[in-house]
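Down below is the structure, laid out as structure tokens.
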Amino acid sequence: MLLAIYGPGGFGREIAAFARRQGDVTFVSDAESEIGTRVNGIPVVPPSSLQGRTDCRVVIAVADASVRRALAARCEAMGLVSGSLVADSHERGDNVAVGQGAIFCGSTICTSDARIGVHFHANIYSYVAHDCVIGDFVTLAPRVCINGNTIVEDDVYIGTGAILRQGNRDKPLRIGRGAVIGMGAVVTKDVAPGDTVIGSPARPMVR
């Protein structure tokens, strides 16, 4: 099976390092300056070259949720099938459901009883704890800690080293759709949709 990594940028190159240990890999790009080249020894091809191939699965290595959504829709329209990429050192407990297109980098953990949506990114050393519900197109930068009973809605970006406190069964911590959690933030309260929060404890950023 061929794994096609859409996006030969920084994240794409990072995940290619362990993807190659699992099988054949190619990069996919829309940039004419990249197509036909090789990045770290891996060929870069246009998405059209993958149409009709039944031996290919695609993961999208782009952090921005809106761009990732657009590329996922484009791939679906072209008949390309989403795959998943899981590093050998990823750990997963019982009753964890994950949607298509997920990428789990090295030393990531999903503990138990969690639901994760489509095209999820978990960068190195991030974890999702018990009884969490994670939406679609969510990105965890390195060392993100999502503790139990937390709801993260669609299109949320959580920056490096951020910590989300544990909610409880009756009142989970909720991060609203499209919110951005700044790097190193300590989130102790719900975050409204579209808000950007920073600091410890995390507060909305003043623009």
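The values are calculated or read from the model by the stated rules, or taken from the named source; none is laboratory data. Computed from a predicted model, the values in this text were never measured in an experiment. Positions of Cβ are backbone-derived with ideal geometry, glycine not excepted, and every protein chain shown enters the neighbour counts. Side chains included, ligands, DNA and RNA excluded: accessible areas come from the protein's heavy atoms. Shrake-Rupley method; radii C 1.70, N 1.55, O 1.52, S 1.80 Å.
Odds and ends about this structure:
- By DSSP, the beta bridges lying fully in the chain are antiparallel in about 10 percent of cases.
- Classification of the stretch 93-207 by its C-alpha gyration tensor yields a prolate form. The axis ratio a/c (a ≥ b ≥ c) is 1.5 or more, and a/b outweighs b/c.
- Per atom type, the chain shows carbon and sulfur on 50% of its accessible surface, probed at 1.4 Å.
- Compared with the alpha-carbon gap, the fully stretched path from VAL67 to LYS171 is longer by 34.3 nm at 0.36 nm per residue.
- The chain: calculated mean residue ellipticity at 222 nm from DSSP helix runs of at least 4, using -39500 (n - 2.57): -3500 deg cm²/dmol
- Here each label is just a point 7 Å from Cα along the line to Cβ, and for ARG13 and SER48 those points are 2.8 nm apart.
- The angle between the Cα long axis of helix 65-77 and the longest principal axis of the Cα atoms of the chain comes to about 40 degrees, rounded to the nearest 10.
- Phi-based couplings in Hz for the stretch 175-192 (Karplus 6.51, -1.76, 1.60; Gly and Pro marked x): 10, x, 3, x, 5, 10, 9, x, 4, x, 5, 10, 8, 10, 9, 4, 10, 6
- Interchain or long-range residues, amide H under 5 Å from SER84's placed H: GLY101
- Using C-alpha pairs under 8 Å with a sequence gap of at least 6, the mean separation divided by the residue count of the stretch 1-75 gives a relative contact order of 37 percent.
- Gaussian network model of the chain, Cα within-10 Å springs - most flexible of ALA19, ALA122, ALA31: ALA31
- Our coupling estimate for the stretch 13-24, obtained by passing each phi through the Karplus curve with A = 6.51, B = -1.76, C = 1.60 and θ = phi - 60°, is 5, 5, 6, 4, 4, 9, 4, 5, 6, 10, x, 6 Hz, Gly and Pro reported as x.
- GluC sites (Glu not before Pro) lying in DSSP loop within the stretch 1-61, provided at most 15 other Cβ fall within 10 Å: GLU32
- Amide H to amide H, with H built 1.01 Å from N, ILE134 comes under 5 Å of ARG115, ILE116, GLY117, VAL152, counting only residues 5 or more places away or on other chains.
- Note on the stretch 25-104 and the stretch 156-207: Cα centroid distance 28 Å, given to the nearest whole angstrom.
- Per-residue 3J(HN,Hα) values for the stretch 42-56, derived from phi via the Karplus relation 6.51 cos²θ - 1.76 cosθ + 1.60 with θ = phi - 60°, read 9, x, 10, 10, x, x, 4, 6, 9, 4, x, 7, 8, 9, 10 Hz in sequence order (x marks Gly and Pro).
- When you restrict to C-alpha pairs under 8 Å that are six or more residues apart and normalise by the size of the stretch 1-157, the relative contact order lands at 15 percent.
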